[in-house]
1. How about region A:47-83: which of its residues are aromatic (Phe, Trp, Tyr) and buried (at least 17 other Cβ atoms within 10 Å of the Cβ)?
2. Tell me which of these B:ALA39 doesn't satisfy, since it passes every other one: (1) without any contact (Cβ under 8 Å) to a residue 60 or more places away in the chain; (2) hydrophobic (A, V, I, L, M, F, W, C); (3) open to solvent by less than 60 Å² (accessible area, probe 1.4 Å).
3. Any idea which of (1) more than 17 Å from B:SER17 (Cα to Cα); (2) surrounded by fewer than 18 Cβ atoms within 10 Å (Cβ to Cβ); (3) in contact with a Lys or Arg (Cβ under 9 Å, 6 or more places away or on another chain) is the one B:GLY76 doesn't satisfy?
4. Tell me which of these B:THR110 doesn't satisfy, since it passes every other one: (1) in a loop (DSSP other than H, G, I, E, B); (2) within 26 Å of B:MET5 (Cβ to Cβ); (3) open to solvent by 30 Å² or more (accessible area, probe 1.4 Å).
5. Kindly list, by first and then second residue, each pair from a residue in region B:79-96 that is touching a residue at least 24 places away in the same chain (Cβ under 8 Å) to a residue that is among the polar types (S, T, N, Q) and open to solvent by less than 10 Å² (accessible area, probe 1.4 Å), limited to pairs with Cβ atoms under 8 Å and residues at least 6 apart or on different chains.
6. Could you tell me which numbered condition B:VAL25 fails, if it satisfies all but one of (1) under 12 Å from the mean Cα position of the chain (by Cα); (2) among the β-branched types (Val, Ile, Thr); (3) open to solvent by 70 Å² or more (accessible area, probe 1.4 Å)?
7. State yes or no: is A:GLU117 open to solvent by 60 Å² or more (accessible area, probe 1.4 Å), of a type in the set (Asp, Glu) and out of contact with any Pro (no Cβ under 7 Å at 6 or more places or on another chain)?
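The values are calculated or read from the model by the stated rules, or taken from the named source; none is laboratory data. Predicted model, so just to flag it, every value in this text is computed and none were measured. Don't worry about glycine lacking a Cβ; one is built from the backbone with ideal geometry, like all the others, and counts go over all protein chains shown. Surface areas here come from the heavy atoms of the whole protein model, side chains and all, with no ligands, DNA or RNA. Shrake-Rupley method; radii C 1.70, N 1.55, O 1.52, S 1.80 Å.
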Amino acid sequence: MMTTANDVNLNTFLHVCGFRLEDRETILRIAPIILPHLGRVTDRFYDLLLQDERIAEYLEGRIDLLKKTHLGWLESLFSGDYGADFIQRQEKIGEVHVNVRVPPLFVAASMSFLRAELSSVISQYILDREEAGQSTRALLGLLDLCQYLIDRKYNETLMNNLGISQTLLVRLQTTGKKRAAS
Amino acid sequence: MREEMIKSVLSDLNSGSADIEASAVISLDGLTMASMLQANMDEDRVGAMAAAMLSLGDRTAIELARGALDQVMIKGSNGYVLLIHAGSEAVLSVIVRDKAKLGLIFLDATRAANAIANLL
């Protein structure tokens, strides 16, 4: 599963988010049912994005490439690999988003879309209520985890670009809290 | 021992001009290594703010092709904050009154920063 021994924050996230080993088994079990629908989900996702003028600007001229990348990422979530490579892949997305100036708003909006859309696919194609509930919980937990890893790396990369280390960032946050409390 | 030596440099700096209210040496991560601050000044806040400003100054100097950063000066209605690299791992922060003659203070602060850099 995950190698998080030195990652205190990720451990805390996983503890609260509750994405566990049995969720991996659930996702592997439902993968053959969900995978055939991911292409359609990706198409619907980009159709929706193109309707927003601001987002459409970012997509101009690269829609096919972006769809392919998105579908590849979505499919990879069902591979059952949630170890170091998985973490690194999500972090790479956060890093790239800083470099190509894709703000966190887009990740939050995308994840929100996927939560609704994949839940709908599950309820449509997994008829056993218990299995559907378990699958939804596992998949939502996985999407939450991806968003956390992507956003965390985005933030870290942005701050590093400004020359502000994580330690300094924590100090600045703590300073703000002290002032608010006093 | 080293902290005491740095404090001694800060003490000399502060006593060199009545317009210097306080000074501190801070790591690039915002940890205050030594300080001669007034009682009402929060050491953690001075450290975090100085390190953040220096980081942004470093980045600004690079982005705008101004070469290696020498110093950052902030002017407010109550006075100035001067930030000067003290070697590659620390920053000297000097808090100065609004009517101060900055020329002499810059000179003293640069000397102090060099002395601190040699101690680190």
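1. Across region A:47-83, the qualifying residues are A:PHE78, A:TYR82.
2. It fails just one condition, (3).
3. Tallying (1) more than 17 Å from B:SER17 (Cα to Cα); (2) surrounded by fewer than 18 Cβ atoms within 10 Å (Cβ to Cβ); (3) in contact with a Lys or Arg (Cβ under 9 Å, 6 or more places away or on another chain), B:GLY76 fails exactly one: (3).
4. (1)
5. Partner pairs satisfying both residue conditions: B:VAL81/B:SER93; B:LEU82/B:SER93; B:LEU83/B:SER93; B:LEU92/B:SER23; B:SER93/B:SER23; B:VAL94/B:SER23; B:ILE95/B:SER23.
6. For B:VAL25, the exception is condition (3).
7. For A:GLU117, the condition - open to solvent by 60 Å² or more (accessible area, probe 1.4 Å), of a type in the set (Asp, Glu) and out of contact with any Pro (no Cβ under 7 Å at 6 or more places or on another chain) - is not met.
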